[in-house]
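Report on the following structure.
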Amino acid sequence: MDTAHLRVAITTNSLLHLDANFAAAKQMVLYDVASDSSEFVDVVPFLRGAKRGPGGGPDANGRCILEDMGDDDGTGVDPLIERVEALQGCSVLFTMEMSDLAAVRVHKAKVFPVKSYQQRSIDEIIGQLQSMMKGSPPLWMRRVMCDGKGVRLPLEDQEL
């Protein structure tokens, strides 16, 4: 895209809806969204399963676990690494749920996380973003907009 845009990631199990938790999503879809157009970029599948259930809970031994806390998922590998790395180049992440630890890691990757409390179609999310981009976008959105090469635009250089 040659105009100011956002690269967004959406956690999904269906490929049609925002319908998955960040730590448990089967995949993420990536789109470039401008005020008057959108372009599908990629699907990033996750081969490794995540820890069970939103919010964790007691395991089989009655110990409390959180869905993505700790250093690994039993295999010696941090379960969030591949998910955070998949966000490279993205400005915004839409997800159903995420733990505080995951939110901190996403924020450190300079991605703005947006949690949804209900499933929504990907087309609806893109339409809402485009509507917000027209006219005077909110400050959070202007701070993460990119130019045609994917470089974040300073606020004073943005033209929609």
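Couple of notes before you dig in:
- Tally, over segment 99-138, of residues that are part of a helix (DSSP H, G or I) and not small (Gly, Ala, Ser): 17
- Sub-7 Å Cβ pairs linking a first residue in segment 15-35 that is closer than 28 Å to ARG142 by Cβ and among the small types (Gly, Ala, Ser) to a second residue that is part of a strand (DSSP E or B) and modelled with pLDDT under 95, at least 6 apart or interchain, are ALA34/HIS5, ordered by first then second residue.
- For segment 7-21, the candidate set comprises residues that are of a type in the set (A, V, I, L, M, F, W, C), in a loop (DSSP other than H, G, I, E, B) and within 16 Å of GLN118 (Cβ to Cβ); within that set, the residue that is nearest to the chain's Cα centre (by Cα) is ALA20.
- Scan of segment 29-64 for residues that are closer than 23 Å to GLU85 by Cα, out of contact with any Cys (no Cβ under 8 Å at 6 or more places or on another chain) and modelled with pLDDT of 90 or more, ordered by number: VAL29, TYR31, ASP32, VAL33, SER38, GLU39, PHE40, VAL41, ASP42, VAL43, VAL44, PRO45
The values are calculated or read from the model by the stated rules, or taken from the named source; none is laboratory data. The model shown is predicted, which means the values in this text are computed figures rather than measured ones. Because the Cβ atoms are built from the backbone with ideal geometry, glycine has one as well, and the counts that use them run over all protein chains shown.
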